[in-house]
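This report concerns only the one structure given below.
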Amino acid sequence: MLYSVILAGGRGERFWPLSRLGHPKQLLKIASDKTLLQEPMDRVKELIPVSRTLIITGENFAKAILKKVPDLSEKNLILEPEGKNTCLAIGLAAVHLKKKDPEGVMAVLSSDHLIEPKERLQKILEIGASIAKQGDYLITMGVVPTRAETGYGYIELGESFSSSEGIPVFKVKQFKEKPTRTVAQQYYFDRQHLWNSGIFIWSCSAILKAIKEYMPSLYRELEIYYNHIDAPKEKEERKKLYANAENISIDFAVLEKASNVLTIKADLHWDDIGSWLALERIKDKDRDNNVFVGKVIVMDSYETTIVNEGEGIIAALGVSDLVIVNTDGIVFVAHKTKVQDVKELLQKLTSEKDLEKFL
């Protein structure tokens, strides 16, 4: 049986001030009129119903998620006591699914991706699930680059593995870190590199076997936790698991070391909605490349993104290359080159008690 595992643990600080401690990024409506968490569920619902969906998220977000996404119940949620990156989150999901369905296959999705068309994604997941049932393969979805992007990791293609309905599958030769502009241009033109989308398909047994080989200490902790699932001490044992676990991604921990990794070449529209800069790619622009959400008026302004969730209006005159966000008593103004540094700004708020309420 195929299950979806949606990683939704991060607060999404780069979308502050809309993303707050009690209202994480996953509950924002950025790409459409649906929350970011609803998007991946709707994207695969014809293939994987909500009853076979697990959401990995933080304990602090559970109430807000259940309130905002009525299709979900507590059974759909696996709550993390703290964030410890994707290796632990995926391992946690794998042991839960193993308990429920030892032969289960999991499609690991993210709550902050934009993917179109959904029919293409579903076909890719079907192909991946079919391969996963044939053996202990670790399968990634690699996206055909549409630009020389320096913000993503890349997958270098190895030899051909198979092809189904015009969708090719390759062995992975190597994972590449985020490149320089020059190297990204080389990757774009050589057609031997794909974006590493962070979407994975594998059987529960295959990923746990890989964790056992490359992260043996984590595997031992997961084994202990497995024996307490659906038992009185499950929550207590999960806290111990997280306290002892290393903060490491599944890519670094397993995929870059394993020899049984495949990638499905995905020729579709994919975007990582990581910060306010993503709005430039997913929203309509005016003739001066400005993006507006809410009540906004501008004059002689260029390359500026303005989001207004307040009742009033934002008026901008003679500005360029800015991000301006207004919501709930907070006005955030940043040059686009500094948007990624918002975490440093939030640290400053944390250090001043009278400002903590704005976090």
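The values are calculated or read from the model by the stated rules, or taken from the named source; none is laboratory data. Small disclaimer: the values here were computed from a predicted structure and weren't measured. Because the Cβ atoms are built from the backbone with ideal geometry, glycine has one as well, and the counts that use them run over all protein chains shown.
Yes or no, residue by residue, for (1) assigned to a helix (DSSP H, G or I); (2) buried (at least 21 other Cβ atoms within 10 Å of the Cβ); (3) outside the structural domain of GLU236 (by TED's automatic domain parsing):
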site	(1), (2), (3)
LEU36	no, yes, no
PRO40	yes, yes, no
LEU47	no, no, no
ASN60	yes, no, no
LYS75	yes, no, no
GLU82	no, no, no
Check your understanding: Of the residues ILE124, ILE139, which single one is crowded, with 19+ Cβ neighbours inside 10 Å, within 24 Å of LYS178 (Cβ to Cβ) and touching a helix residue (DSSP H, G or I) at 6+ places or on another chain (Cβ under 9 Å)?
Key -> ILE139
Review point. From ARG52, ARG11, which residue is over 17 Å from the mean Cα position of the chain (by Cα) and touching a residue at least 24 places away in the same chain (Cβ under 8 Å)?
Key: ARG52
Study note, to complete from the structure: Subset of segment 109-138, residues in a helix (DSSP H, G or I), under 11 Å from ARG43 (Cα atoms) and either among the polar types (S, T, N, Q) or touching a His at 6+ places or on another chain (Cβ under 7 Å) (or both), comes to GLN122
Review point. Residues in segment 285-303: is at least one within 19 Å of LEU114 (Cβ to Cβ) and assigned to a loop (DSSP other than H, G, I, E, B)?
Key: yes
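Hey, among the residues in segment 209-228 that are basic (Lys, Arg) and without any contact (Cβ under 8 Å) to a residue 12 or more places away in the chain, which one's nearest to ALA243 (Cα to Cα)?
Filtering segment 209-228 down to residues basic (Lys, Arg) leaves 209, 212, 220.
Those still in the list that are without any contact (Cβ under 8 Å) to a residue 12 or more places away in the chain too: 212, 220.
Values: LYS212: 19, ARG220: 14 Å.
The residue in question is ARG220.
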Practice item. Restrict the check to segment 309-324 and report whether at least one residue is under 28 Å from the mean Cα position of the chain (by Cα), at pLDDT 95 or above, assigned to a loop (DSSP other than H, G, I, E, B) and outside the structural domain of GLY10 (by TED's automatic domain parsing). Key: yes
Exercise for review: Considering (1) modelled with pLDDT under 95; (2) under 24 Å from PRO102 (Cα atoms); (3) within 24 Å of the chain's Cα centre (by Cα); (4) of a type in the set (D, E, K, R), say which one LYS209 fails and leave the rest.
Suggested key: (1)
**Study point:** Subset tally (residues that are within 15 Å of LEU279 (Cβ to Cβ) and part of a loop (DSSP other than H, G, I, E, B)) for segment 18-32
**Key:** 7
